[in-house]
Amino acid sequence: MKENDFKYVKESQVTISELMLPSHSNFNGKIHGGYILSLLDQIAFACASKHCREYCVTASVDTVDFLKPIEIGELVTMKASVNYVGNTSMVIGIRVEAEDIHTGKKKHCNSSYITMVAKTKEGKSLQVPGLHLSNEQEIRRFLKSMKRIEMKRNRHKEFKETDFSADKYMHEIKKHRVRIDL
């Protein structure tokens, strides 16, 4: 790759803010997680597309940790960065904060990692620009993404190779709150 085939993390960062309305709430009066997931997917698309200047699709939602509830009337800000690049894929890290607009108090509500893939109009995967890391935080995020990818591969391999026959695991199943009628 040539030097201009690499992009700095800051070149692709995206921030969005939105006021949370009653129409975004669930039956408990908190902002519905599904609405937040929709916003996460949108900002991941924007960040990934900005990095590679191509159309991108969601390959997987790797991690979504809902840490604190979001209230109606709070200002939600999402910050997205490209944390890792492969050949055709990118891991987008997103931090979600909610701010009480009356007090200015902010709380970290969500951390998410979404894998996006660059595609042609015909649906063929495209190579993405490399990532130019320029500080310790960017290096740490890249390394953590590498570790999450490795853990994901190991989990897939283990699930594929494991025999999940009921009789083999019956003693484990019975340790949980479950009733079995065969």
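A few comments on the model shown:
- Residue count, the range 59-116 (criterion: assigned to a loop (DSSP other than H, G, I, E, B) and aliphatic (A, V, I, L, M)): 4
- Residue check for Ser165: hydroxyl-bearing (Ser, Thr, Tyr) and within 19 Å of Ser12 (Cβ to Cβ): no
- On the stretch given as the range 140-178, residues that are modelled with pLDDT of 95 or more, open to solvent by less than 70 Å² (accessible area, probe 1.4 Å) and not aromatic (Phe, Trp, Tyr) total 1.
Yes/no matrix, rows are residues, columns are (1) on the phi > 0 side of the Ramachandran plot; (2) touching a Lys or Arg at 6+ places or on another chain (Cβ under 6 Å); (3) in contact (Cβ under 8 Å) with a residue 24 or more places away in the chain:
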site: Ala98; (1), (2), (3): no, yes, yes
site: Thr103; (1), (2), (3): no, no, no
site: Ile114; (1), (2), (3): no, no, yes
site: Ala118; (1), (2), (3): no, no, yes
site: Glu122; (1), (2), (3): no, no, no
site: Leu126; (1), (2), (3): no, no, yes
site: Gly130; (1), (2), (3): no, no, yes
site: Ser134; (1), (2), (3): no, no, yes
site: Ser145; (1), (2), (3): no, no, yes
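- Residue within the range 117-136 that is open to solvent by less than 40 Å² (accessible area, probe 1.4 Å), touching a strand residue (DSSP E or B) at 6+ places or on another chain (Cβ under 6 Å) and hydroxyl-bearing (Ser, Thr, Tyr) present: no
The values are calculated or read from the model by the stated rules, or taken from the named source; none is laboratory data. Since the model is a prediction, treat every value here as computed from it, not as a measurement. Note that each Cβ is placed from the backbone with ideal geometry, even for glycine, and that neighbours are counted across all protein chains shown. Please note that ligands, DNA and RNA were not included when accessible areas were found on the heavy atoms of the full protein model with its side chains. Shrake-Rupley method; radii C 1.70, N 1.55, O 1.52, S 1.80 Å.
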